[in-house]
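Written out below as structure tokens is the structure these notes cover.
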């Protein structure tokens, strides 16, 4: 992987620009050839599912099923039925039999996203199946055996969860046969602009980023990672008045992080022309309505009033 590239893992595109993310994908390629369980850790929105898909695609099971579930998305009482299936009449509403995700993933890969959200009871049941013990569907009388490769992911620190008793140590060690850490976007600055261009093209193929917009994007720490970046580009694509996206079209947070747009005055830091232009645009679009302009900018009305005084924009026509 000597050059930047865009690839796709089961229909999900991945931008492989920075050495950090290329190294992660290369690690996924190496571990894919084994049958060990893989635990992927990283912040929310950093791309853990992409890495999980890469493990499956590079593996000998790639022609077999890929099945995924977010362990925090379902109530605890439904998780058992979802994972292990149920028989007809097993509980109220079980009008037909239903195979569980383990059965659907047989000979393939089951991706347990946010596995740290599982309740203790489900952790015990999951551990038994991972250890190769046949299981019953809910309400079933026939034991089921499956051959499934497990890839799990969490945005939490699993060792801390174990230490506090929120996650079983035996399940942790079973899942942690091989660990892959996905670095946050702030540690992969080289990925920011290629990702931003990708998201922008999805929204408007004609749109481009101006140099000042690129600087603002690269200077921001992106605590929400790739998901936040994508939302910022959606915002910018809507806010822009031309095909060239300006820094002032971005949400406020990335602008505040750009040193090139900040200057010192009377011992205070303030944004220069970019924020001033953003306020002008917001007031123009809301016909001088301060509350609506503040909402558009993502700041409070009090903050907007302070900035209006700071930039001497009080001459703008304003309404309540």
Would you mind stating whether residue 78 is assigned by TED's automatic domain parsing to the domain that holds residue 45, surrounded by 14 or more Cβ atoms within 10 Å (Cβ to Cβ) and under 29 Å from residue 10 (Cβ atoms)?
no
Determine whether segment 99-108 contains at least one residue that is assigned by TED's automatic domain parsing to the domain that holds residue 179, over 19 Å from residue 143 (Cβ atoms), free of Cβ contacts under 8 Å to residues at least 60 places away in the same chain and touching a strand residue (DSSP E or B) at 6+ places or on another chain (Cβ under 9 Å).
yes
Among (1) under 16 Å from residue 114 (Cα atoms); (2) modelled with pLDDT of 95 or more - the single one residue 148 does not satisfy
(1)
Confirm whether residue 162 is assigned to a loop (DSSP other than H, G, I, E, B), surrounded by fewer than 20 Cβ atoms within 10 Å (Cβ to Cβ), in the same structural domain as residue 82 (by TED's automatic domain parsing) and without any contact (Cβ under 8 Å) to a residue 60 or more places away in the chain.
no
Out of the residues in segment 129-159 that are assigned to a loop (DSSP other than H, G, I, E, B) and under 25 Å from residue 25 (Cβ atoms), which is farthest from the chain's Cα centre (by Cα)?
148
I'd like to check something: does segment 308-317 contain any residue that is out of contact with any helix residue (DSSP H, G or I) (no Cβ under 8 Å at 6 or more places or on another chain), part of a loop (DSSP other than H, G, I, E, B) and at pLDDT 80 or above?
no
Tell me, yes or no, whether segment 72-83 has at least one residue that is part of a loop (DSSP other than H, G, I, E, B) and farther than 26 Å from residue 183 by Cα.
yes
In segment 218-252, residues that are buried (at least 21 other Cβ atoms within 10 Å of the Cβ) and in a helix (DSSP H, G or I) total 9
How about segment 18-28: which of its residues are in contact (Cβ under 8 Å) with a residue 40 or more places away in the chain and closer than 18 Å to residue 151 by Cβ?
21, 24, 27, 28
For residues that are part of a loop (DSSP other than H, G, I, E, B) and touching a strand residue (DSSP E or B) at 6+ places or on another chain (Cβ under 8 Å), scanning just segment 18-42, find the one that is modelled with the lowest pLDDT.
35
Give me the residue from segment 29-42 that is touching a residue at least 12 places away in the same chain (Cβ under 8 Å) and farther than 13 Å from residue 152 by Cα and, out of that set, surrounded by the fewest Cβ atoms within 10 Å (Cβ to Cβ).
33
Regarding segment 8-17, can at least one residue be identified that is without any contact (Cβ under 8 Å) to a residue 12 or more places away in the chain, in contact with a strand residue (DSSP E or B) (Cβ under 9 Å, 6 or more places away or on another chain) and assigned to a strand (DSSP E or B)?
yes
Within segment 210-217, is even one residue closer than 19 Å to residue 17 by Cβ, crowded, with 19+ Cβ neighbours inside 10 Å and in contact (Cβ under 8 Å) with a residue 60 or more places away in the chain?
no
If I ask for residues that are closer than 30 Å to residue 129 by Cα, over 22 Å from the mean Cα position of the chain (by Cα) and buried (at least 21 other Cβ atoms within 10 Å of the Cβ), which ones from segment 165-209 would you list?
167, 171
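The values are calculated or read from the model by the stated rules, or taken from the named source; none is laboratory data. Here the structure is a predicted model, which means the values were calculated and not measured. Virtual Cβ from ideal backbone geometry, glycine too; neighbours counted across all protein chains shown.
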